[in-house]
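Below is one structure, written out as structure tokens; the observations come after it.
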Amino acid sequence: MIKVCVLRIEGTNCEEETALAFARLGASTELVHLKQLTGAVKERDRRNLADYDLLVIPGGFSAGDYVRAGAIFAARLKGALSAELSEFVSEGKPILGICNGFQVLVELGLLPGNGDNRYAALTTNSSAHFECRPTLLKHENRGNCIFTKGIPRGAILKMPCAHAEGNFFIANEEYIQRLEDNDQIVFRYVDPAGNYASYPWNPNGSVYNIAAICNPEGNILGMMPHPERAFYSFTDHEWWRAGGKRGRGGEVGTYGDGKKLFESIMDHLRSHIYML
């Protein structure tokens, strides 16, 4: 059975929803505190990162987002688990960072990749406000990202965002081209017509409308919107406004677009583990 580690510290949230999303698709999912991986707990509570097939860093405000969003969580990971993380990545095991998790992955240098985060950052939203709204995401990846192989290129998915520092910024324009050439751009914000648009459809001002990127190898994904909040259709605010009858996603019990991402990575992991 696929084993998923959803990692948390003080201030993370959405870990329960994220764990449930994977569990609903048949994974053995565990909520693991960072102290359990570093050994700062009783022996019976210790966990080993190498025992898991997938690492997820969920959303939230880890350590209060002091210094910068995700900076303290990243520093703790780098200080205590650098070797274990490097081995996990080198084995091709996937890592998913959602919202605050995306910020952590950039702070770690795992995104954009190759330990190089000098050109990229997730900064304060261009609106200077916390943005909590639906977003439309166009799938741009050409097949490199293992998290979205089951999602047709050009498909538009709807997921909510909730962040104050989601503005993906790259100082060097040549680096944007490098992301494009390496097939690292996974999702971009669009409007209802499928066009790249500014605020509010791009809720944070991200350069090139980037909502999600992967590393050059395709096994690490960071995204600002929350797929775990769109697993079922009834979490869609339009569904509620329509009285549960007409909104995108249909009737109670049907699924939202977030499920597609979880299904895609689960299908990849099942195929990969079976082949091993």
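Here are the numbers for the structure shown:
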{"quantity": "Residue list for the stretch 23-52, restricted to those being in contact with a strand residue (DSSP E or B) (Cβ under 7 Å, 6 or more places away or on another chain) and over 23 Å from residue 10 (Cβ atoms)", "calculated": "23, 27, 28, 51"}
{"quantity": "The stretch 31-48, residues that are of a type outside the set (D, E, K, R) and either free of Cβ contacts under 8 Å to residues at least 40 places away in the same chain or over 16 Å from residue 83 (Cα atoms) (or both)", "calculated": "31, 32, 33, 36, 39, 40, 41, 48"}
{"quantity": "Hits in the stretch 234-261 (condition: buried (at least 21 other Cβ atoms within 10 Å of the Cβ), at pLDDT 70 or above and part of a loop (DSSP other than H, G, I, E, B))", "calculated": "256, 257"}
{"quantity": "Residue list for the stretch 116-158, restricted to those being surrounded by fewer than 16 Cβ atoms within 10 Å (Cβ to Cβ) and touching a helix residue (DSSP H, G or I) at 6+ places or on another chain (Cβ under 7 Å)", "calculated": "149, 150"}
{"quantity": "Filtered residues of the stretch 171-190 (kept if at pLDDT 90 or above and of a type in the set (A, V, I, L, M))", "calculated": "176, 179, 185, 186, 190"}
{"quantity": "Candidate set from the stretch 13-32 (those that are modelled with pLDDT of 95 or more and closer than 17 Å to residue 70 by Cβ); member that is surrounded by the most Cβ atoms within 10 Å (Cβ to Cβ)", "calculated": "18"}
{"quantity": "Flag for residue 55 being modelled with pLDDT of 95 or more and in a strand (DSSP E or B)", "calculated": "yes"}
{"quantity": "Hits in the stretch 185-219 (condition: in contact with a Gly (Cβ under 7 Å, 6 or more places away or on another chain) and β-branched (Val, Ile, Thr))", "calculated": "213"}
{"quantity": "Residue match in the stretch 177-184 (condition: in contact (Cβ under 8 Å) with a residue 60 or more places away in the chain, out of contact with any helix residue (DSSP H, G or I) (no Cβ under 7 Å at 6 or more places or on another chain) and under 18 Å from residue 202 (Cα atoms))", "calculated": "no"}
{"quantity": "Identity of the residue in the stretch 33-68, on the phi > 0 side of the Ramachandran plot and of a type in the set (Gly, Ala, Ser), that ends up surrounded by the most Cβ atoms within 10 Å (Cβ to Cβ)", "calculated": "60"}
{"quantity": "Enumerated strands (runs of 3 or more DSSP E) restricted to the stretch 183-233, each holding at least 1 residues that are surrounded by fewer than 22 Cβ atoms within 10 Å (Cβ to Cβ)", "calculated": "185-190"}
{"quantity": "Qualifying positions in the stretch 146-184 - β-branched (Val, Ile, Thr) and either out of contact with any Lys or Arg (no Cβ under 9 Å at 6 or more places or on another chain) or closer than 16 Å to residue 132 by Cα (or both)", "calculated": "146, 170, 176"}
{"quantity": "Test: residue 152 is within 12 Å of residue 214 (Cβ to Cβ) and either assigned to a loop (DSSP other than H, G, I, E, B) or in contact (Cβ under 8 Å) with a residue 40 or more places away in the chain (or both)", "calculated": "no"}
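The values are calculated or read from the model by the stated rules, or taken from the named source; none is laboratory data. All of these numbers come straight from a predicted model, not from anything done at the bench. Virtual Cβ from ideal backbone geometry, glycine too; neighbours counted across all protein chains shown.
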